[in-house]
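Down below is the structure, laid out as structure tokens.
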Amino acid sequence: MGNAIELRGISKSFGSVAANRDINLTLKEGEILALLGENGSGKTTLMNMLSGIYMPDSGSIFVNGNKVNINSPEQAARLGIGMVHQHFKLVERFTALENIRLGLKEGGKFLLGKDTRKYIQDTAAKFGFEIDPDKLVCNMSVSEKQTLEILKVICYGAKIIIFDEPTAVLTVQEIDKLFDVMRKMRQDGHSLIIITHKLNEVMEISDRVAVLRHGEYIGSVETAKTSEKELTELMVGRRIDLDIKRPLMDKTHPLLEIRDLTVKNDEGALAVDGMNFYIRGGEILGVAGIAGSGQKELCEAIAGLRPIERGQMLHEGESIVGMSPKKILEHGISMSFIPEDRLGMGLAPSLSITDNMMLKNYTEAKGIFVDRKAARKEAKEAIDKLEIVTPSTETPVRKLSGGNVQKVLLGREIKSGPNVLVTAYPVRGLDINSSYMIYDILNEQKKKGVGILFVGEDLDVMLALCDKIMVMCHGRLQGVVNSTNTTKEDIGLMMTGALNIVNKEGKTDGIAADSAFEDKKEEADV
């Protein structure tokens with residue numbers, strides 16, 4: 001078996017920061033290689049050089065034994081290299097057929113009409129894709145969009161395909177289908193690289209694992225001869241406890257009550273449809289659902305960032321409906337929101353860590369001057385406690401890795417002393433070390449009596465971390481399950497709408513839809 005890709009002595013620096021140092025890496029023909037490493041280890045930079053987005057400062061790239069210069073994505077495509085990005089590159093108002101046709105060529109000419117349709121249908125059937133060529137992308141589910149991205153890359157002739165976090169927003173059932181497709185691609189002679197932080201998926205789908213650490217190549221191991229713990233130690237350089245703790249706390253009264261909440265999205269369609277639930281102090285309530293099921297709109301409504309159509313939101317018995325985020329703070333309601341888009345909504349990317357720490361309380365300054373000395377001290381404390389990797393407190397957050405950006409955001413929100421913490425995908429895209437640090441921080445807040453809403457996508461993590469999991473499908477509540485007596489397969493069925501456990505009285509697993517919290521219901525909620 002020859003090498004589909006060989007990287008020799010690849011180095012890349014950005015200013016004084018060395019992203020990759022003298023990396024030697026091979027991808028064999030017909031294998032699935034998992035690429036692991038912490039945030040900032042150089043994985044993305046390395047793959048960007050392979051896909052033509054960057055060019056290496058030094059070193060050589062060989063494709064099928066031939067030395068090549070990849071100076072653009074188009075050049076990479078001509079060499080048979082394609083990349084399925086985590087953020088899809090599709091035209092929303094075009095159909096699947098039109099999206100593929102945009103770059104589909106044969107003999108230098110665009111395929112048209114029946115030839116295109118037949119080619120796409122034959123390719124889809126070969127690998128087991130389920131896709132409607134005439135469906136608009138804007139009407140597709142996340143899984144359908146990803147299928148289209150993969151099909152598009154294959155139709156363009158790629159035999160070497162890079163997958164960037166391909167399972168981040170898929171259900172358990174959709175992940176199984178994706179892995180079946182990847183296995184068929186391997187059987188057909190494709191060579192695949194998968195970037196993921198989910199070690200259980202690495203163990204399931206890959207043939208071999210390559211590890212990067214601090215921009216350097218640590219080595220590779222055959223998947224069948226390693227374990228999750230060994231891979232973690234290779235990534236981090238030390239032993240890490242992979243058990244997620246779930247401390248059992250005495251639950252307090254409900255801190256946040258949501259009653260018959262209905263919210264529309266930016267297009268005016270119902271995003272949250274009659275939701276009822278509550279969060280008590282000392283518990284973590286998970287929220288599971290396929291991307292676009294209303295999680296974003298739910299979080300924004302609770303944080304005062306989105307108006308509601310009807311319903312009630314009560315914080316310790318006081319209505320917060322119609323309050324602005326600033327008004328909520330002025331009323332002494334300690335509620336913090338960690339948004340899904342941490343750089344777009346949560347932080348100001350061009351400002352320093354110090355200045356970002358001030359964004360929640362700068363209006364409290366007396367006089368015309370802002371006390372940056374106190375903010376700088378808070379930034380330093382956050383850097384030390386959360387192990388934020390940064391040159392200084394004055395570094396712009398846009399220059400930090402994703403994991404360190406999330407730590408800055410979480411550190412600022414916790415500093416405000418909330419008793420309700422709303423978190424949207426707090427570990428999305430983070431390496432295992434950063435993720436476990438975030439879990440520990442959330443558990444610390446739980447022990448202090450904080451009620452936490454945890455919107456997540458990794459069901460294994462949610463089952464281990466959360467006390468209960470609330471499942472959404474198309475904006476509606478499918479049910480709330482106790483993490484200790486349910487399976488991720490059941491949650492996956494609820495996410496797709498195939499299973500609904502809300503009973504006729506509007507109650508589910510002890511959570512009352514009318515928020516009448518009698519003692520007997522509290523007991524049933526354990």
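Annotations for the structure displayed:
- For the stretch 151-175, a residue qualifies if it is touching a helix residue (DSSP H, G or I) at 6+ places or on another chain (Cβ under 8 Å), part of a loop (DSSP other than H, G, I, E, B) and crowded, with 19+ Cβ neighbours inside 10 Å, and the qualifying residues are Ala158, Pro166, Thr167, Val169, Leu170, Thr171.
- Single unsatisfied condition, Gly52 versus (1) out of contact with any Pro (no Cβ under 6 Å at 6 or more places or on another chain); (2) modelled with pLDDT under 95; (3) closer than 23 Å to Arg213 by Cα: (1)
- Test: residue in the stretch 240-255 that is closer than 30 Å to Arg306 by Cβ and surrounded by 19 or more Cβ atoms within 10 Å (Cβ to Cβ): yes
- Within the stretch 486-500, the residues that satisfy the criterion of being part of a loop (DSSP other than H, G, I, E, B) and either touching a residue at least 60 places away in the same chain (Cβ under 8 Å) or among the aliphatic types (A, V, I, L, M) (or both) are Thr496, Ala498, Leu499.
- When residues in the stretch 417-455 are screened for being under 18 Å from Val405 (Cβ atoms) and part of a loop (DSSP other than H, G, I, E, B), 7 of them pass.
- Some residue of the stretch 390-403 being closer than 26 Å to Asn265 by Cβ, surrounded by 19 or more Cβ atoms within 10 Å (Cβ to Cβ) and touching a Gly at 6+ places or on another chain (Cβ under 8 Å): no
- Condition met for Lys198 (within 18 Å of the chain's Cα centre (by Cα) and within 30 Å of Glu230 (Cβ to Cβ)): yes
- Those strands (runs of 3 or more DSSP E) lying entirely in the stretch 1-116 with at least 3 residues at negative phi and aliphatic (A, V, I, L, M): 3-14, 17-28, 32-36, 81-84
- Index of the failed condition, Ser293 passing every other in (1) surrounded by fewer than 19 Cβ atoms within 10 Å (Cβ to Cβ); (2) assigned to a loop (DSSP other than H, G, I, E, B); (3) of a type in the set (S, T, N, Q): (1)
- One residue alone among Val427, Val389, Val408 is modelled with pLDDT of 85 or more and among the aliphatic types (A, V, I, L, M), and that residue is Val408.
- The criterion of being at pLDDT below 95, hydrophobic (A, V, I, L, M, F, W, C) and buried (at least 22 other Cβ atoms within 10 Å of the Cβ) does not hold for Ala34.
Residues checked against (1) modelled with pLDDT under 90; (2) surrounded by fewer than 17 Cβ atoms within 10 Å (Cβ to Cβ); (3) closer than 30 Å to Ser435 by Cα:
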residue	(1), (2), (3)
Val17	yes, yes, yes
Leu25	no, no, yes
Ser41	yes, no, yes
Leu46	no, no, yes
Asn71	no, yes, no
Gly107	yes, yes, no
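- Identity of the residue in the stretch 218-243, assigned to a loop (DSSP other than H, G, I, E, B) and at pLDDT 90 or above, that ends up farthest from Glu387 (Cα to Cα): Thr226
The values are calculated or read from the model by the stated rules, or taken from the named source; none is laboratory data. Note that the coordinates shown come from a computational prediction; the quantities given were computed from them, not determined experimentally. As a convention, Cβ positions derive from the backbone with ideal geometry for all residues, glycine included, and neighbour counts pool all protein chains shown.
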